[in-house]
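S.K.: Sharing a structure here in structure tokens format.
What follows is calculated from the coordinates using simple rules that are stated; it is not laboratory data. Please read all numbers here as calculations on a predicted model, not as lab measurements. Backbone-built Cβ (ideal geometry, glycine too); neighbour counts: all protein chains shown.
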Number of protein chains: 2
Amino acid sequence: MSVTFAKGFSAAGVAAGISSIEGKKDLALVVNQGPLDSAAGVFTFNRFCAAPVQWSRKTVADGHIKAVILNSGGANACTGQAGYEQSAATAKKVAELVGTQPDEIAVCSTGLIGELLPLDHVLSGVESAYAALSDDDQAGSDASHAIMTTDTKPKTVSLEGDGYRIGGMVKGSGMIAPQLATMLCVITTDAAVGAGQLQAALNAAVDHSFNRIDVDGCMSTNDTVLLLASGASGVEPDPDEFNALVAKACASLARQIIGDGEGASHDVRITVTGATTESAALACARAVAASNLLKCAIAGNDPNWGRIVSSLGTVPVEEAPYDSQKVTVDVNGVRICENGGAGRDRSEVDMTPREVHIDIDLNAGDEQATVWTDDLTHEYVHINADYES
Amino acid sequence: MSVTFAKGFSAAGVAAGISSIEGKKDLALVVNQGPLDSAAGVFTFNRFCAAPVQWSRKTVADGHIKAVILNSGGANACTGQAGYEQSAATAKKVAELVGTQPDEIAVCSTGLIGELLPLDHVLSGVESAYAALSDDDQAGSDASHAIMTTDTKPKTVSLEGDGYRIGGMVKGSGMIAPQLATMLCVITTDAAVGAGQLQAALNAAVDHSFNRIDVDGCMSTNDTVLLLASGASGVEPDPDEFNALVAKACASLARQIIGDGEGASHDVRITVTGATTESAALACARAVAASNLLKCAIAGNDPNWGRIVSSLGTVPVEEAPYDSQKVTVDVNGVRICENGGAGRDRSEVDMTPREVHIDIDLNAGDEQATVWTDDLTHEYVHINADYES
């Protein structure tokens, strides 16, 4: 399904010899066949943002994108002017084939930081990808495979609105933290929507999805989320429904990233309720999600509420007013912390499910927020210590 | 040596049956025999601070402490009013034996959060500890052993000033992050110094030592650093020399914590130079020290500069102005990142030493700061996932 679920989009995923893994699909192309070419983007805040981010931020700025070229096997980050020229050359090649200008092309890269791409492989790969373009399911699936790095599975979404469709793909498994919390994401729609509405829908959706997941607290140099509209359905959607669907697509993809977090054995939902403001709830949820000690405890099936409240306790009172003596914590439905102290016995908590639910009530107000994270396992260390990535 | 190196202090470390480890020394007593009883303290900022922290913060506030009682085997944190009463009862028992009031006693606890202590064991242990008090090296050593939890070795310091001495002990291995970055620390001196000067010396020293180490980004509920002066040397020290010696004692103990960080295979010094302000340098160093991905790379002997600069890039420009294109990174003396891009080949870096030096030059100013951290290993996950602590 993936990006080709929406009408007006074709895609391809090919092995271009960019990745060090022989034969791995490593180059994806997504082309918007129109009639519209509206586009919106959200990019990493990292000050060492990669060359393709610098390029795409510029080309998306006018609200129009005809095609996106994405590679795994190299991030093209911290590569200076030479790296920027590689992104530009790649865009130029795509533009020639698609029949447009380079400034209508977005470029995304993911992989090792600090090395240039094998440009000849990229450019010949672009030709192969263009030749393989198709609007069928297989093409969308191939594209979603081509952007994978340490991901163990492709991550896609397909949703139907009232007469229009939304499709999407994402890659991301490590170096995942707000903000953003993805590496590369392309969402497509055949709804007839202008760039302004797209950008507003995307900003709101990203804020509640990719910006609320945290695998390892590490912000990437290459994060890019693109939303493209072809208008091929001819339907101008109800704005509320459209915004909700884009939010749902982003939430689904973000949830899939957590489900495939590097080495993870548990997906952890942290919901903070009873906060004075949403941002207070969010600050508390983020603090808990960032605790290595808690994440290790969860890996060991230990619902260690002491590590939850000690993380909560690091949030400054001006960011989140609450009384530590009134806080309750439920893990998987068992209230193991009550009034800031011990509640029911932690042995009552069943930690065997993959999904762990931590519900914290600050008892200070009516606002809430949810953040997702993963546990911290031997396998995470193994992936990031023993392989160069 | 430890806390008994300074004249006028006696100490003991006994097995009181608080720890779940049969026969482990778990209760330490440090008594200031005077003639002075000046004291200063620095405590965790955690809002879920433990009962002994609440107690000791109050009793140290007037600048006078006669004795400190410290236990491992239980943090007495998140234990509500009952926990506070345990700290008070322990102080009362010590005060009776020492011949003073409970408000002249500091109490420190470390161990599992959320459970009350076995108070009868604590109180009978206080009697044993009082009976074992001595001012010899062995007594100081026993005390430093009694406060260990996941520490693999005791951590002590002894320094000589001009006619006076400083001794100290610390425990801490995990849940180490600014601010603070220790669990329990007692520093003693026989210099004749009042409480005001002690507190000023301690604040400055802690800010540059315990607040600049980060094992796992997790702030504890029980952090306590105490500085006690007996005046037994009769020497009123030169203030500058005294401040420098207190700073040196804290720096030594902080460095020992990093050297014994849970599961660590490398001690990592991160120095950021060329910053516009010290706080800018510190923000950058802290961001790098907090990167799980970098810490895993170092565990795998990979001087992964991409993970260094991507962490640097998360520091907002208003906190640390610098140009990403001018940043250099040396690891163990090899400039592997130059002008924000690749420098010498990372294979030139010898990562076999225990100590790893990361030197980052922002090339934006003249200020600098250093932070110490550990790598992130399988053993860290093992300690924190597979044991309840």
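S.K.: Rg and Dmax of the stretch B:1-114 over Cα atoms: what are they, in angstrom?
M.R.: Answer for the stretch B:1-114, Rg first and Dmax second: 13.8, 38 Å.
S.K.: Here is a follow-up. At q = 0.10, 0.12 Å⁻¹, what log₁₀ I(q)/I(0) does chain B have when each alpha carbon counts as one equal point scatterer in the Debye sum?
M.R.: Relative scattering, expressed as log10 I(q)/I(0), comes to -0.64, -0.88.
S.K.: By how many degrees, 0 to 90 and rounded to 10, does the Cα axis of helix A:278-289 deviate from the longest principal axis of chain A?
M.R.: Tilt relative to chain A: about 90 degrees.
S.K.: What percent of all Cα-Cα pairs in the stretch A:89-222 falls into each 10 Å bin, going from 0 up to the bin containing the maximum distance?
M.R.: Going out from 0 Å in 10 Å bins, the stretch A:89-222 shows 10, 34, 40, 16, 0 percent.
S.K.: Averaged over its residues, how many other protein chain Cβ atoms are within 10 Å of peptide A:310-318's Cβ atoms? All intermediate terms of the calculation are to be shown ahead of the outcome.
M.R.: Values: counts 17, 5, 3, 11, 12, 2, 2, 2, 0.
The shielding value for this peptide is 6.
S.K.: Suppose each label sits 7 Å from its Cα in the direction of the beta carbon; what would the B:LEU112-A:ASP137 distance come out to in nanometres?
M.R.: Once both label points are built, they end up 5.2 nm from each other.
S.K.: Give a residue-ordered list of calculated ³J(HN,Hα) values for the stretch A:350-363 (Karplus: 6.51 cos²θ - 1.76 cosθ + 1.60, θ = phi - 60°; whole Hz; x for Gly, Pro).
M.R.: Couplings: 8, 9, 6, x, 4, 8, 10, 10, 10, 10, 10, 10, 7, 6 Hz.
S.K.: Between B:VAL272, B:VAL94, B:VAL334, find the one with the highest GNM mean-square fluctuation for chain B; connect C-alpha pairs within less than 10 Å.
M.R.: B:VAL334
S.K.: Loop-only check: which chymotrypsin sites (Phe, Trp or Tyr not before Pro) in the stretch B:18-55 are DSSP coil with at most 11 other Cβ within 10 angstrom?
M.R.: When the chymotrypsin sites (Phe, Trp or Tyr not before Pro) of the stretch B:18-55 are filtered for loop state and at most 11 Cβ neighbours within 10 Å, nothing remains.
S.K.: Only bridges with both residues in the protein assembly as shown count here: give the DSSP antiparallel percent, nearest 5.
M.R.: Percent antiparallel among DSSP bridges in the protein assembly as shown is about 70.
S.K.: Further, regarding this structure: Run through every distinct alpha carbon pair of the protein assembly as shown and return the Kirkwood hydrodynamic radius in angstroms, one decimal place.
M.R.: 27.5
S.K.: For B:LYS326, go through the aspartates and glutamates and keep the ones whose alpha-carbon is under 13 Å away, minus same-chain ones fewer than eight residues off.
M.R.: Partners within reach: B:GLU338, B:ASP361.
S.K.: Per residue of B:373-384, count partner chain C-beta atoms within 10 Å of its C-beta, then hand back the mean as an integer. Intermediate values should be presented prior to the final figure.
M.R.: Numbers: counts 0, 0, 2, 7, 3, 8, 2, 6, 14, 5, 3, 12.
If you average over the peptide's residues, the count of other-chain Cβ atoms is 5.
S.K.: I need two numbers for the stretch B:158-251: Rg to one decimal and Dmax as a whole number, Cα atoms only, in Å.
M.R.: For the stretch B:158-251, the Cα-based Rg and Dmax read 13.3, 42 Å.
S.K.: Taking each pair of distinct Cα atoms in the stretch A:224-378 once, what is the resulting Kirkwood hydrodynamic radius in Å?
M.R.: 16.8
S.K.: In whole Hz, what ³J(HN,Hα) sequence does the stretch A:40-55 give by Karplus (6.51, -1.76, 1.60; θ = phi - 60°), x for Gly and Pro?
M.R.: Here the 3J(HN,Hα) series is 9, x, 10, 10, 4, 8, 4, 6, 9, 5, 6, 3, x, 5, 4, 5 Hz.
S.K.: Just to confirm my numbers, what's the Cα centroid distance between the stretch B:71-131 and the stretch A:103-117 in Å?
M.R.: If you average the Cα positions of each part, the centres end up 59 Å apart.
S.K.: What percent antiparallel are the DSSP beta bridges of the stretch B:2-259, to the nearest 5?
M.R.: 75
S.K.: For the stretch B:137-154, what does the Karplus curve 6.51 cos²θ - 1.76 cosθ + 1.60, with θ = phi - 60°, yield as ³J(HN,Hα) per residue in whole Hz, taken in order and with x for Gly and Pro?
M.R.: 3J(HN,Hα) across the stretch B:137-154, in whole Hz: 4, 4, 5, x, 5, 4, 4, 5, 6, 5, 9, 6, 10, 7, 3, 9, 8, x.
S.K.: Looking only at the stretch B:267-386, where both bridge partners belong to it, what percent of the DSSP beta bridges are antiparallel (to the nearest 5)? Write down the numbers at each step before the final one.
M.R.: Numbers: 16 of 23 bridges.
The antiparallel fraction comes to roughly 70 percent.
S.K.: A further question follows. Lysines within cross-link reach of B:LYS153: Cα-Cα under 28 Å, excluding same-chain residues under 8 positions apart?
M.R.: Result set, ordered by chain and number: A:LYS295, B:LYS7, B:LYS24, B:LYS25, B:LYS66, B:LYS171, B:LYS248, B:LYS295.
S.K.: Also: Which FRET efficiency value, to the nearest 0.05, do you get for B:ASP323 and A:ASN363 by plugging their Cβ-Cβ distance into 1/(1 + (r/R0)^6) with R0 = 41 Å?
M.R.: 0.30
S.K.: Determine the sum of side-chain charges near B:THR79: Lys and Arg each +1, Asp and Glu each -1, restricted to other residues whose C-beta is under 13 angstrom from that of B:THR79.
M.R.: Residues close to B:THR79 contribute a combined charge of -3.
S.K.: Shifting gears a bit: Full extension from B:ARG354 to B:ASP162: what is 0.36 nm times the residue separation minus their Cα-Cα distance, to one decimal in nm? Kindly include the intermediate steps, with their values, before the conclusion.
M.R.: Values: separation 192, 0.36 × 192 = 69.12 nm, distance 3.42 nm.
Extra length available between B:ARG354 and B:ASP162 comes to 65.7 nm.
S.K.: Can you tell me the FRET efficiency between B:ARG344 and A:SER20 if r is taken as the Cβ-Cβ distance and R0 is 30 Å, rounded to the nearest 0.05?
M.R.: Efficiency, rounded to the nearest 0.05: 0.90.
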